[in-house]
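The values are calculated or read from the model by the stated rules, or taken from the named source; none is laboratory data. No experiment lies behind these values; they were computed from the predicted model shown. With ideal geometry, Cβ positions are generated from the backbone for all residues, glycine too; neighbour counts draw on all protein chains shown. Side chains included, ligands, DNA and RNA excluded: accessible areas come from the protein's heavy atoms. Shrake-Rupley method; radii C 1.70, N 1.55, O 1.52, S 1.80 Å.
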Amino acid sequence: QQPVQSPQAVILREGEDAVINCSSSKALYSVHWYRQKHGEAPVFLMILLKGGEQKGHDKISASFNEKKQQSSLYLTASQLSYSGTYFCGINSGGYQKVTFGTGTKLQVIP
Amino acid sequence: AAGVIQSPRHLIKEKRETATLKCYPIPRHDTVYWYQQGPGQDPQFLISFYEKMQSDKGSIPDRFSAQQFSDYHSELNMSSLELGDSALYFCASSLGLGQGLGNTIYFGEGSWLTVV
(Lines give C-alpha, C1' and ligand atoms only; values in the text may rest on other atoms or scores of the structure.)
Protein backbone atom coordinates (compact mmCIF):
# COMPACT_ATOMS: atom_id res chain seq x y z
CA GLN A 1 0.00 0.00 0.00
CA GLN A 2 1.40 3.36 -1.07
CA PRO A 3 2.34 5.75 1.74
CA VAL A 4 0.78 9.21 1.63
CA GLN A 5 2.93 12.30 1.70
CA SER A 6 2.00 15.82 2.68
CA PRO A 7 2.14 18.48 1.51
CA GLN A 8 1.95 17.69 -2.19
CA ALA A 9 3.92 20.79 -3.05
CA VAL A 10 5.64 23.62 -1.24
CA ILE A 11 7.47 26.77 -2.26
CA LEU A 12 10.12 28.16 0.06
CA ARG A 13 12.37 31.17 0.02
CA GLU A 14 16.02 30.48 0.60
CA GLY A 15 16.71 30.08 4.29
CA GLU A 16 13.20 28.97 5.23
CA ASP A 17 12.38 25.63 6.81
CA ALA A 18 10.06 22.87 5.64
CA VAL A 19 8.61 19.63 6.96
CA ILE A 20 7.46 16.78 4.74
CA ASN A 21 5.36 14.02 6.23
CA CYS A 22 4.95 10.41 5.19
CA SER A 23 2.21 8.23 6.62
CA SER A 24 1.38 4.58 6.34
CA SER A 25 -1.64 2.66 7.54
CA LYS A 26 0.51 -0.08 9.01
CA ALA A 27 3.79 -0.42 10.89
CA LEU A 28 6.85 -0.46 8.70
CA TYR A 29 10.21 -2.18 8.77
CA SER A 30 11.99 0.88 7.51
CA VAL A 31 11.44 4.20 5.80
CA HIS A 32 13.72 5.68 3.18
CA TRP A 33 13.92 9.25 1.97
CA TYR A 34 14.95 10.20 -1.55
CA ARG A 35 15.23 13.44 -3.48
CA GLN A 36 14.73 13.43 -7.23
CA LYS A 37 15.44 16.25 -9.63
CA HIS A 38 13.62 16.35 -12.92
CA GLY A 39 14.84 13.70 -15.32
CA GLU A 40 17.38 12.33 -12.87
CA ALA A 41 17.57 9.27 -10.65
CA PRO A 42 16.27 9.40 -7.08
CA VAL A 43 19.13 10.14 -4.71
CA PHE A 44 19.18 8.36 -1.38
CA LEU A 45 19.08 10.71 1.62
CA MET A 46 18.67 8.45 4.63
CA ILE A 47 17.02 5.37 6.05
CA LEU A 48 15.35 4.94 9.43
CA LEU A 49 14.84 1.57 10.98
CA LYS A 50 13.83 2.02 14.60
CA GLY A 51 10.73 3.50 16.16
CA GLY A 52 11.57 6.84 17.72
CA GLU A 53 14.73 7.16 15.64
CA GLN A 54 15.96 10.51 14.47
CA LYS A 55 18.90 11.08 12.20
CA GLY A 56 20.26 13.65 9.86
CA HIS A 57 23.22 15.27 8.25
CA ASP A 58 23.93 18.88 7.50
CA LYS A 59 20.56 20.65 7.53
CA ILE A 60 18.38 17.70 6.54
CA SER A 61 17.07 15.35 9.18
CA ALA A 62 14.27 12.85 9.62
CA SER A 63 12.33 11.12 12.33
CA PHE A 64 10.40 7.86 12.60
CA ASN A 65 7.60 7.78 15.13
CA GLU A 66 7.37 5.19 17.90
CA LYS A 67 4.69 3.19 16.16
CA LYS A 68 6.74 3.20 12.94
CA GLN A 69 3.82 4.41 10.89
CA GLN A 70 4.89 7.96 10.23
CA SER A 71 8.08 9.67 9.25
CA SER A 72 8.91 13.32 8.79
CA LEU A 73 11.71 14.94 6.83
CA TYR A 74 12.97 18.28 8.12
CA LEU A 75 14.74 20.75 5.86
CA THR A 76 16.21 23.72 7.66
CA ALA A 77 17.70 26.89 6.22
CA SER A 78 16.77 25.68 2.75
CA GLN A 79 19.11 26.19 -0.18
CA LEU A 80 18.33 26.44 -3.88
CA SER A 81 19.87 23.00 -4.33
CA TYR A 82 17.13 21.49 -2.14
CA SER A 83 14.61 21.93 -4.94
CA GLY A 84 13.21 18.70 -6.29
CA THR A 85 10.64 16.06 -5.55
CA TYR A 86 11.00 14.26 -2.24
CA PHE A 87 9.82 10.71 -1.94
CA CYS A 88 9.53 8.58 1.12
CA GLY A 89 9.84 4.88 0.49
CA ILE A 90 8.56 2.17 2.74
CA ASN A 91 9.88 -1.32 3.11
CA SER A 92 8.36 -4.39 4.64
CA GLY A 93 11.61 -6.01 5.57
CA GLY A 94 14.29 -8.30 4.22
CA TYR A 95 15.02 -7.86 0.58
CA GLN A 96 11.61 -6.57 -0.27
CA LYS A 97 11.05 -3.68 -2.60
CA VAL A 98 10.72 -0.08 -1.55
CA THR A 99 7.30 1.34 -2.32
CA PHE A 100 7.46 5.04 -3.00
CA GLY A 101 5.10 7.59 -1.53
CA THR A 102 3.05 10.08 -3.48
CA GLY A 103 5.88 12.61 -3.57
CA THR A 104 6.28 16.21 -2.43
CA LYS A 105 7.45 18.77 -4.92
CA LEU A 106 9.62 21.36 -3.21
CA GLN A 107 10.80 24.53 -4.87
CA VAL A 108 13.25 26.91 -3.23
CA ILE A 109 13.33 30.38 -4.69
CA PRO A 110 15.85 33.18 -4.08
CA ALA B 1 32.69 4.88 -5.93
CA ALA B 2 31.08 2.64 -8.53
CA GLY B 3 27.39 3.20 -9.06
CA VAL B 4 24.57 1.37 -10.77
CA ILE B 5 25.15 1.39 -14.52
CA GLN B 6 22.28 1.31 -16.97
CA SER B 7 22.30 1.04 -20.72
CA PRO B 8 21.23 2.38 -23.06
CA ARG B 9 20.52 5.81 -21.59
CA HIS B 10 18.07 6.67 -24.35
CA LEU B 11 16.09 4.42 -26.62
CA ILE B 12 13.49 5.13 -29.28
CA LYS B 13 11.33 2.28 -30.51
CA GLU B 14 8.23 1.93 -32.63
CA LYS B 15 4.99 0.39 -31.45
CA ARG B 16 5.03 -3.41 -31.36
CA GLU B 17 8.83 -3.52 -31.33
CA THR B 18 10.99 -5.08 -28.65
CA ALA B 19 13.45 -3.37 -26.34
CA THR B 20 16.04 -4.63 -23.87
CA LEU B 21 17.44 -2.59 -21.00
CA LYS B 22 20.55 -3.62 -19.12
CA CYS B 23 21.59 -2.96 -15.54
CA TYR B 24 24.91 -3.53 -13.82
CA PRO B 25 24.56 -3.26 -10.02
CA ILE B 26 27.06 -1.83 -7.59
CA PRO B 27 29.82 -4.42 -7.03
CA ARG B 28 28.90 -6.95 -4.31
CA HIS B 29 25.24 -5.97 -4.43
CA ASP B 30 23.14 -9.08 -4.92
CA THR B 31 19.68 -7.55 -5.29
CA VAL B 32 18.42 -5.70 -8.33
CA TYR B 33 15.15 -3.78 -8.68
CA TRP B 34 13.41 -2.36 -11.73
CA TYR B 35 11.17 0.69 -11.54
CA GLN B 36 9.14 2.51 -14.17
CA GLN B 37 8.48 6.23 -13.85
CA GLY B 38 6.05 7.96 -16.16
CA PRO B 39 6.03 11.74 -16.62
CA GLY B 40 5.08 13.44 -13.34
CA GLN B 41 4.59 10.09 -11.61
CA ASP B 42 6.31 8.41 -8.73
CA PRO B 43 8.51 5.41 -9.53
CA GLN B 44 6.45 2.24 -9.81
CA PHE B 45 8.04 -1.03 -8.80
CA LEU B 46 8.16 -3.64 -11.55
CA ILE B 47 10.23 -6.59 -10.35
CA SER B 48 13.24 -7.53 -8.24
CA PHE B 49 15.82 -10.27 -8.07
CA TYR B 50 17.88 -11.58 -5.19
CA GLU B 51 20.74 -13.96 -5.91
CA LYS B 52 19.47 -14.49 -9.46
CA MET B 53 15.99 -15.52 -8.32
CA GLN B 54 12.91 -13.35 -8.62
CA SER B 55 12.23 -12.00 -5.15
CA ASP B 56 9.24 -9.74 -5.67
CA LYS B 57 6.88 -8.75 -8.43
CA GLY B 58 4.98 -5.54 -8.86
CA SER B 59 3.06 -3.98 -11.68
CA ILE B 60 5.09 -5.52 -14.48
CA PRO B 61 3.03 -6.20 -17.63
CA ASP B 62 3.00 -9.73 -19.03
CA ARG B 63 4.72 -8.34 -22.13
CA PHE B 64 7.76 -7.61 -20.01
CA SER B 65 10.22 -10.10 -18.60
CA ALA B 66 13.43 -9.81 -16.68
CA GLN B 67 16.22 -11.90 -15.30
CA GLN B 68 19.38 -11.63 -13.25
CA PHE B 69 22.47 -13.35 -14.56
CA SER B 70 25.34 -15.13 -12.83
CA ASP B 71 27.39 -11.92 -12.74
CA TYR B 72 24.39 -10.20 -11.06
CA HIS B 73 23.64 -7.92 -13.97
CA SER B 74 20.01 -7.81 -15.00
CA GLU B 75 18.10 -7.30 -18.21
CA LEU B 76 14.54 -6.07 -18.69
CA ASN B 77 12.96 -7.27 -21.93
CA MET B 78 9.94 -5.44 -23.23
CA SER B 79 7.97 -6.78 -26.16
CA SER B 80 4.98 -5.57 -28.18
CA LEU B 81 5.76 -2.05 -27.05
CA GLU B 82 2.89 0.36 -26.60
CA LEU B 83 2.89 4.16 -26.50
CA GLY B 84 2.13 3.98 -22.79
CA ASP B 85 5.41 2.19 -22.15
CA SER B 86 7.26 5.45 -22.78
CA ALA B 87 8.87 6.22 -19.45
CA LEU B 88 12.07 6.47 -17.50
CA TYR B 89 13.15 3.02 -16.37
CA PHE B 90 15.32 2.84 -13.30
CA CYS B 91 17.39 -0.03 -12.11
CA ALA B 92 18.50 -0.05 -8.49
CA SER B 93 20.64 -2.35 -6.40
CA SER B 94 21.22 -3.18 -2.77
CA LEU B 95 22.73 -5.73 -0.45
CA GLY B 96 20.04 -8.28 0.11
CA LEU B 97 18.65 -10.35 2.91
CA GLY B 98 20.68 -10.92 6.01
CA GLN B 99 22.76 -7.78 6.00
CA GLY B 100 20.95 -6.47 9.06
CA LEU B 101 21.20 -2.86 8.00
CA GLY B 102 18.02 -2.37 6.04
CA ASN B 103 18.29 -2.54 2.31
CA THR B 104 19.45 0.91 1.24
CA ILE B 105 18.67 1.06 -2.43
CA TYR B 106 20.86 2.93 -4.88
CA PHE B 107 19.49 3.96 -8.24
CA GLY B 108 21.07 4.10 -11.64
CA GLU B 109 20.72 7.12 -13.91
CA GLY B 110 17.81 5.55 -15.73
CA SER B 111 17.01 4.61 -19.31
CA TRP B 112 14.65 6.83 -21.25
CA LEU B 113 12.37 4.77 -23.47
CA THR B 114 10.28 6.56 -26.05
CA VAL B 115 7.78 4.55 -28.04
CA VAL B 116 6.56 6.21 -31.24
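Quick look at the values:
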quantity	calculated
Average accessible surface area per residue within chain A, 1.4 Å rolling probe, Å²	48 Å²
Vicinal HN-Hα couplings computed from phi for the range A:21-32 (Karplus, 6.51 cos²θ - 1.76 cosθ + 1.60; Hz; Gly/Pro x)	10, 9, 10, 10, 7, 9, 5, 10, 6, 7, 10, 10
Loop chymotrypsin sites (Phe, Trp or Tyr not before Pro), the range B:25-116, which have at most 14 other Cβ atoms in a 10 Å radius of their Cβ (DSSP)	B:F69
GluC sites (Glu not before Pro) within the range A:17-110: DSSP coil, no more than 14 neighbouring Cβ in 10 Å	A:E40, A:E66
Size of the B/A contact, given as accessible area buried on both chains, probe 1.4 Å, in Å²	1800 Å²
Chymotrypsin sites (Phe, Trp or Tyr not before Pro) restricted to the range A:21-60 and DSSP loop, no more than 16 other C-beta within 10 Å	A:Y29
Label-point separation, A:E66 to B:S7 (7 Å along Cα→Cβ), nm	5.3 nm
Whole-angstrom gap from the range B:50-68 to the range B:10-32, using each part's C-alpha centre	12 Å
Nitroxide proxy distance, nm - points 7 Å out along Cα→Cβ at B:H73 and A:S25	4.2 nm
Relative contact order [Cα under 8 Å, 6+ residues apart], chain B, whole percent	36 percent
Dipole magnitude (debye, nearest 20) for chain A, charges at Cβ of Lys, Arg, Asp, Glu	320 debye
Sites B:T114 and A:K50, calculated FRET efficiency, Cβ-Cβ separation with R0 25 Å, nearest 0.05	0.05
Sulfur and carbon atoms: percent of accessible area, the range A:32-90 [1.4 Å]	50 percent
